[in-house]
1. Could you check the stretch 251-279 and list, in sequence order, the residues that are of a type in the set (Gly, Ala, Ser), part of a loop (DSSP other than H, G, I, E, B), under 30 Å from Leu205 (Cα atoms) and in contact with a Leu (Cβ under 8 Å, 6 or more places away or on another chain)?
2. In the stretch 14-26, what residues are surrounded by 16 or more Cβ atoms within 10 Å (Cβ to Cβ) and either part of a strand (DSSP E or B) or modelled with pLDDT under 95 (or both)?
3. Quickly run through the stretch 34-47 and pick out the residues that are in contact with a strand residue (DSSP E or B) (Cβ under 9 Å, 6 or more places away or on another chain) and in a loop (DSSP other than H, G, I, E, B).
4. Between a residue in the stretch 1-24 that is within 16 Å of Ile98 (Cβ to Cβ) and of a type in the set (S, T, N, Q) and any residue that is assigned to a loop (DSSP other than H, G, I, E, B) and at pLDDT below 90, which pairs come within a Cβ distance under 7 Å, given they are 6 or more apart or on different chains?
5. Checking the condition in contact with a helix residue (DSSP H, G or I) (Cβ under 6 Å, 6 or more places away or on another chain) and either at pLDDT below 95 or among the aliphatic types (A, V, I, L, M) (or both), which residue from Tyr285, Tyr253 passes?
6. For the stretch 33-88, what are the residues that are of a type in the set (D, E, K, R) and closer than 30 Å to Ser140 by Cβ?
7. Please go through the stretch 192-213 and give me each residue that is assigned to a helix (DSSP H, G or I) and among the hydrophobic types (A, V, I, L, M, F, W, C), ordered by number.
8. Only one of (1) modelled with pLDDT under 95; (2) more than 27 Å from Gln246 (Cβ to Cβ); (3) in contact with a His (Cβ under 7 Å, 6 or more places away or on another chain); (4) not acidic (Asp, Glu) fails for Val39. Which number is that?
Amino acid sequence: MHYEGNIIRPPSEANSIILQVSVGCSHNKCTFCGAYKGVRFRIKDAATVNDDIAFAARYCKKQKRVFLADGDALIIPTPRLVEIFSAIRQNLPWVNRISLYGNTKSILRKTVDELKRLKELGLHRVYMGLESGHDPTLKSIRKGVNAEQMITAAAMVRDAGLFLSVTVLLGIAGLSQSQLHARETGRVLTSMRPNQIAALTLMLLENTPLCNEVRAGIFQLPDQKMLLEELKILVQSITLERVQFQANHASNYLPIAGRLAKDKEGILQTIADGLAGRQNLKAEYLRAL
């Protein structure tokens, strides 16, 4: 495989064939993300991608899923994506699921019919980073879109019949806006109606503007207790009848997984136990991205 740079993929794609069809992130301005700093976004040439598909056809016959990297493969023009998906279908007929990251801008540049066409060719899951439903926070972290645009993009993914997985970030609003961020994020998630919600906890990276803001005293990171309070308010604010909820990423202090609304009371009790010291929190040195 012709991999370039850091290959980032969701935890649930650990056993997938990772096919890098682009390098970097088309937005690459978020203040908290250091994954692609200094990397100029580009779409990989067809010959290289086809070579990698041929490699997978020979050596990856036991892997039934494909994840298209890097940070925002959905930004690739639809005709080129159709070529890639068709090549996967033709050369890797045992693959039953293709997934990718899709930011809000790239989704909004498509039509629902284009998304449906990609679904016909094997696209199953779109991973979308909400981070926060609080517009002032989205502006401060330079997300490039607002909450209403996120809701619209989510509706397009759902209308195309695709599985939508949405990521949010505990702590991203800092100390002063912590609880408002949690409430607004829960409200927006309810409007987005994703199939899956993944809550991660902010980890500061040295090569990011947000880390510089912390050093300058502009941004204050909530402590463990406040982050758990955020998580509690977030869960309380989500009023969906059926959604997978996961806060078991390596960055989180308290691993949680369940279904809302079925497991809501149990999840809130686990958080209460963590706040009261009845359940151990992950040590700082064990946290990771």
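The values are calculated or read from the model by the stated rules, or taken from the named source; none is laboratory data. Not measured: the values here are computed from a predicted model. Neighbour counts are summed over all protein chains in view; Cβ atoms, including those assigned to glycine, are modelled from backbone coordinates with ideal geometry.
1. The one that is of a type in the set (Gly, Ala, Ser), part of a loop (DSSP other than H, G, I, E, B), under 30 Å from Leu205 (Cα atoms) and in contact with a Leu (Cβ under 8 Å, 6 or more places away or on another chain): Ser251.
2. Within the stretch 14-26, Ile17, Ile18, Leu19, Gln20, Ser22, Val23, Gly24, Cys25, Ser26 qualify.
3. Tyr36, Val39, Arg40, Phe41, Lys44 - these are the residues of the stretch 34-47 that are in contact with a strand residue (DSSP E or B) (Cβ under 9 Å, 6 or more places away or on another chain) and in a loop (DSSP other than H, G, I, E, B).
4. Final answer for the pair search is Gln20/Ile7.
5. Criteria check complete, one pass: Tyr253.
6. Correct list: Lys37, Arg40, Arg42, Asp70, Asp72.
7. Selection gives Met192, Leu210, Cys211.
8. (3)
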